[in-house]
Amino acid sequence: WELLFGPARREEADALARWVALAALLGCMAEYFAEAFILAKKALQRALLMIPPVLVNIGLNFLLLPVMGLNGAVVATVVAYAVGMVLLAVVGRRYVALPVHLGDLSRIALACACMAAVVSLLPDWGGLPELVFKAGIGAVTYGAVAVLLDIADAKKRLHEIAARFTRKAEA
């Protein structure tokens, strides 16, 4: 965090990071459900459905900013993203019922939790070297758990990659 906010704001950034990550996740999930409107050629309705989350965000900011400061703004954003995601998911099902595979989502969440746990145990020394080190360890951890849990046919893909390298080595 020191790279983005400086050492003086590290604790504040740490506290907000989880909320920002949750907001990003909800935003990505909302985009997934928004595809139903694109497929059904209902882009205007999709745009109109984003009015309630905007109003929720503005209203919660008026309520929470004086009491919670920056944390209130982040909470307002998370709630607004959640409202938008739910609206897009519920209304979008009328047009195209996009699949939600709970088993896959559960395995992905478990891999993310393992990655977060491992990265949280690593030492904080600051700067770019820490960021690169933690990102690398996080990626390796997620990849290993993804293979163990066979997320997105990871075992099959790993075998295909190994076979390609074996063929190249033999040639």
Exactly one of 140, 147 is open to solvent by less than 50 Å² (accessible area, probe 1.4 Å) and either aliphatic (A, V, I, L, M) or part of a helix (DSSP H, G or I) (or both), and that residue is 147
Expected single match for of a type in the set (Asp, Glu) and under 30 Å from residue 155 (Cα atoms) among 104, 124 is 104
Might you check whether a residue that is of a type in the set (Phe, Trp, Tyr) and open to solvent by 60 Å² or more (accessible area, probe 1.4 Å) occurs anywhere in region 46-62? yes
Only one residue in 90, 118 is at pLDDT 95 or above and either assigned to a loop (DSSP other than H, G, I, E, B) or within 12 Å of residue 141 (Cα to Cα) (or both). Which one? 118
Which residue is nearest to residue 108 (Cα to Cα), if the candidates are limited to region 150-171 and must be in a helix (DSSP H, G or I) and among the acidic types (Asp, Glu)? 153
Subset of region 123-149 [in contact with a Lys or Arg (Cβ under 8 Å, 6 or more places away or on another chain) and free of Cβ contacts under 8 Å to residues at least 12 places away in the same chain]: 147
So which of 110, 98, 158 is within 30 Å of residue 43 (Cα to Cα) and of a type outside the set (D, E, K, R)? 98
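The values are calculated or read from the model by the stated rules, or taken from the named source; none is laboratory data. Please read all numbers here as calculations on a predicted model, not as lab measurements. Methodologically, a virtual Cβ is constructed for each residue, glycine included, from the backbone with ideal geometry; neighbour enumeration extends over all protein chains shown. The area values use the complete protein model at the heavy-atom level, side chains included, leaving out ligands, DNA and RNA. Shrake-Rupley method; radii C 1.70, N 1.55, O 1.52, S 1.80 Å.
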